[in-house]
Structures are given as structure tokens and as C-alpha cells.
Amino acid sequence: MSEEHDHGEEEHSIIGQKEYTQFIYHFNYFSAYAIISALYCIPTIIINLKMIYYYLRKHKTLCQNNLHPELFRQFLIMQTLCLFHVFITFIVNRIPNTGWMTAWCASSKPERLLKVLVFLYSGIIYSKYFSIILFCVMRPLAFIIEVVINPFVVITIIIINVSIALFEFFDDFLFHVYLVRPYSIDAQAHVITCYFYFTHPIFKKKVMSVVRVKSVTTN
């Protein structure tokens with residue numbers, strides 16, 4: 001039985017097969033999608049780094065600015081893990097789908113590397129889901145201890161994030177959800193980060209208005 005199983009795996013393997021070792025890469029739809037999705041990652045990375053820098057520099061005074069430090073820290077962890085999910089998806093799915101690595105994989109036999117990548121892929125996904133759940137749990141706790149924060153921004157983020165996460169959980173059952181899944185992964189990392197950054201008042205530049213008062217003397 002095991003010999004038949006091993007023989008079946010060899011039949012479906014691309015390693016050593018001439019048509020794959022001599023595969024010539026051509027630019028295709030998957031390459032265009034990988035490039036475009038990589039380009040719109042850049043603003044999110046910059047914004048996320050700016051928020052992390054802001055937290056490290058002013059985490060002691062966040063409560064004074066209507067932003068709970070623990071909640072904000074968990075939000076940064078959650079969104080950073082979402083970015084890591086995007087990065088590992090590039091390495092495991094999007095770049096291999098282009099065909100750019102086909103000849104190398106067929107000739108180099110990178111079994112150990114692939115096992116490590118699959119392990120990292122699963123670890124990052126489960127860590128991301130755990131961080132989302134933890135963020136949703138921490139939010140009502142912040143209400144209990146009477147922490148003041150903009151409720152509309154946080155509730156909207158929770159609804160969007162959990163909804164997108166649910167789409168990913170059911171990707172094995174619904175085909176149309178599976179088609180949306182790559183965009184939902186990007187949405188978790190990009191849309192929510194940018195939405196929070198551009199809507200929360202703490203990241204908006206304060207405009208100082210100067211009022212000139214002119215004294216009038218009457219005789």
C-alpha cells in the first residue's frame with residue numbers, strides 16, 4: 001500500500017521532469033496581479049511603521065489623547081500579522097503561481113524549504129486569527145474600565161475585520177468566497193490599517209488658528 005502511495009506521489013511530482021526543468025517563464029496574469037498587489041503594499045507598510053513609531057514614542061501619553069495603549073498595541077500586532085500573512089502568501093502562492101520558480105523547484109528539489117514555508121504559513125495564519133479574537137475581546141474590556149476612545153472607528157474596524165475573517169474560514173465550502181479570499185487577505189492588511197490611520201483624530205495634524213484681537217479706544 002505504501003509503495004503504491006509513493007508511486008502515486010512520484011507521478012504527480014514535478015521534480016526531475018523534463019517539461020518542468022526546462023520550463024520557460026512568460027509574463028502572465030498572475031505576474032501582473034503579483035506586481036500590482038506588491039505595489040499597493042508599500043503605503044500600508046509605511047503607515048504601519050509610522051503607527052508603530054508613534055506608539056513607541058508616545059505610549060505613555062496615549063490615555064491623555066483618548067487612545068488606550070494596550071488596545072492600540074494589540075491593534076498594531078493584529079495588523080502587523082495581517083501584513084505578514086500577505087508577505088507569506090506572496091512567497092507560498094502568488095510568486096509560484098506566476099511560473100517564475102517552476103524550473104528551479106523542479107531541478108533543485110527544495111523539499112525542506114517548502115516544509116518550512118508551509119509551517120510558517122500556517123503559523124502566521126493562526127497567529128493572525130488569534131490576534132483578531134484577542135482584539136475583539138479587549139475592546140469590551142476597555143469599555144468596562146471606562147476608557148474613552150472613538151467608538152465608531154473601533155466598532156467599524158471590528159465588524160470589517162471579523163467579517164473578512166469569516167470569509168476566509170469558509171473558503172473550502174463556497175467557491176465564490178474562495179475567489180474573493182486573496183482580496184480579503186489584502187483588505188485585512190491594507191484597508192483597515194489605512195482606515196484607522198486616516199480616521200482617528202490622534203494621527204491628524206493639529207491646525208493652530210491665530211485670532212488677532214484689535215483694541216479700539218473710544219474718547
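Of note:
- Among the candidates Ile24, Ile15, residue that is modelled with pLDDT under 80, assigned to a loop (DSSP other than H, G, I, E, B), farther than 30 Å from Thr199 by Cα and more than 20 Å from the chain's Cα centre (by Cα): Ile15
- Pair list, Cβ under 8 Å, 6 or more apart: the range 56-78 residue at positive phi, other residue modelled with pLDDT under 85 and surrounded by 13 or more Cβ atoms within 10 Å (Cβ to Cβ): Asn66/Ile149; Asn66/Asn150; Asn66/Ile202
- Filtering Leu56, Leu76, Leu67 for residues that are out of contact with any Cys (no Cβ under 9 Å at 6 or more places or on another chain), at pLDDT below 90 and surrounded by 12 or more Cβ atoms within 10 Å (Cβ to Cβ) leaves a single hit, Leu67.
- Scanning the range 75-105 for residues that are under 19 Å from Cys41 (Cα atoms), among the β-branched types (Val, Ile, Thr) and assigned to a helix (DSSP H, G or I) returns Ile77, Thr80, Val86, Ile88, Thr89, Ile91, Val92, Ile95.
The values are calculated or read from the model by the stated rules, or taken from the named source; none is laboratory data. Everything quoted here is computed from the prediction, not taken from an experiment. Here Cβ is always computed from backbone atoms with ideal geometry, including for glycine, and neighbour counts include all displayed protein chains.
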